[in-house]
Each structure stands twice: as C-alpha cells, then as structure tokens.
Amino acid sequence: MKRIKNLIRPLWLASAMATAAGAATTSYNSGSLGSAGDGVNTDGVALNAASPLAAGGDTGARYGAGERTQVAYQAALNPSSSSPFSIEFWANPSGSDDDDTAVNNRYATGNRSGWSIFQRAAGWNLKMYNGTGGDVGWDLTGGTSTIGAWSHVVATWSGSAALLYVNGVLADSTNDTSKTPGYNANPSTNLPSLNVGANFNGGSPSASLIDEVAFYASELSLAQISNHYALAASPTAGAYASAVVGDGAVLYFQNIPEPSSALLAGLGALGLLRRSRR
C-alpha cells in the first residue's frame, strides 16, 4: 500500500510544507506494529524539514527546545534485557551543549533503566542503564556528530552486548572500562516506550533534524546497516524504506505529514484513502 502513499505525496507535499511549525501533529508508523506505534508530537515539532534521503519527496522532523515525538508504552518497543533489538535514525544537528538526546527510552525516576543515544562533541554516545541508581552498564562512543551534516546512527543489542555504528561502519564495540556490563529494560508501563528529540519530560533536548527513526526486535547485521546507509543516496524513491521494512522494523517514522482534508476530498474520486497503507 506504500505505492498509494507515494502516489498521493506529490499532490499534498507543497501544502504540508506550508503547515505552521507549531501545530501538533502525529508521526505515523510504517513498521509492523502499525498504528499502535504512532508517535504523538508535542507542539513545535515540524514535519516539513529536510531529509537525508535523496529521492522520494521525503521530509524530516525538526526539534529544538524540548519538542519531542513520543510513543505510548508498547511491549514490542521494550523487549526484555536478554532479547536483541536495534535502534536506527538519521540526525543533522544545528548545535550542541554536549547533552543532546536524539532518541531514548530511559526511565529516569529512581533506578535508571532503558537506553539513550546522545549527540556529543566526541561523537555519538549510547548509554544503557543497569537499573542500579544512575549506573550505566554500557557506554559506547564513536563516529562524528558534525554540526550541519547528516549522521546515520545505529545501536544494536545482542541480548548481552552492545555495538554502535555511525555512517555505515562499526564506530565502537568496546565498553567504557569503568562500567560493569549490564542492562535493565525500562520497567515502566506508564511512560513512553520511545522518545525522539528529548527525554520523556523534555530534558536534554536535541537541536537537530531527525528522520527515519526505526526500531527492530532483532540485532541488525553490519551488512544490513551498511546497505541502509548506502540506500539513502539511491535515486529510486522508496528504496530506503523498502529495506527498513524488509529488515523487520517494528517501528518506522518516515515523518511524512498526512494530506489535508481538502486534498483528501479531491483524491477520494481516485480511491486513494487516508493511510491506506494499513
């Protein structure tokens, strides 16, 4: 059904890009979790920003002063500590205070659990918390987080060890020697399972464009990750998205705004219905 989505996109993209940046919106999930994985955007998230993809008329999301996209608790986005998973996204930072959370599901009350991916001056930083106070069980940093440039970031968890990839290559596989390896999955069913652009409460905001956020209930391979990175430059519309969905994304935000009701009415005669990909 994504072909239908691609057909209607050129007709409403210009209108969507004119939408006020302050309007509250929804980031629709193209992954296997379906509408249960839709993200709620706080006021100020703009879905008409630039994208790292070379083809397809895609758009990205802009974040800055604590604006964020949040997915309500979903067990599929919070696997057990011994289960593999992967997080993937593209980010283009416009600035940094060295405490910028791009994507996370950290539980920060009392004993910290879950994970966070930060933009640091030293590169991209994955922290996985072990459920004891503020302790970090895995701390990996690598690649570059160049201001004004897109980075492709992937963190994987095998069930026992973490890896960090930046721009299609392994950036770090060695845990900080001061850490005792361990990871405790986020135990909260009341907080969001995924936050994009800031922590769940707006803390540690990321001033950046963020796009193509995906979550997998598997450990992506280097070959899959390198392929995704290369496909961003493909002149074929939909090539990147097909690879992400084909590799089993549970959640996938393409950050394409929905068409306006007026445009949908005009498209009704063509039988192109809203969110007909589902």
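List of remarks:
- So Gly271, is it at pLDDT 55 or above, at positive phi and surrounded by fewer than 18 Cβ atoms within 10 Å (Cβ to Cβ): no
- Odd one out for Pro187 among (1) at pLDDT 95 or above; (2) surrounded by fewer than 23 Cβ atoms within 10 Å (Cβ to Cβ): (1)
- Picking from residues in the range 52-87 that are in a loop (DSSP other than H, G, I, E, B) and in contact with a Leu (Cβ under 8 Å, 6 or more places away or on another chain), the one that is surrounded by the fewest Cβ atoms within 10 Å (Cβ to Cβ) is Gly57.
- Any hit, the range 155-167, residues being surrounded by fewer than 17 Cβ atoms within 10 Å (Cβ to Cβ), farther than 22 Å from Tyr63 by Cα and not small (Gly, Ala, Ser): no
- Single residue of Asn48, Asn125 found to be in contact with a helix residue (DSSP H, G or I) (Cβ under 7 Å, 6 or more places away or on another chain) and either in the same structural domain as Ala185 (by TED's automatic domain parsing) or surrounded by fewer than 23 Cβ atoms within 10 Å (Cβ to Cβ) (or both): Asn48
- Candidate set from the range 199-235 (those that are part of a helix (DSSP H, G or I) and in contact (Cβ under 8 Å) with a residue 60 or more places away in the chain); member that is surrounded by the most Cβ atoms within 10 Å (Cβ to Cβ): Ile225
- Residues (hydrophobic (A, V, I, L, M, F, W, C) and within 27 Å of Gln74 (Cα to Cα)) located in the range 223-252: Ile225, Ala241, Ala243, Val244, Val245, Ala249, Val250, Leu251
The values are calculated or read from the model by the stated rules, or taken from the named source; none is laboratory data. Here the structure is a predicted model, which is why all the values come from computation and not from measurement. Please note: Cβ atoms are built from the backbone with ideal geometry, for glycine as well, and neighbour counts cover all protein chains shown.
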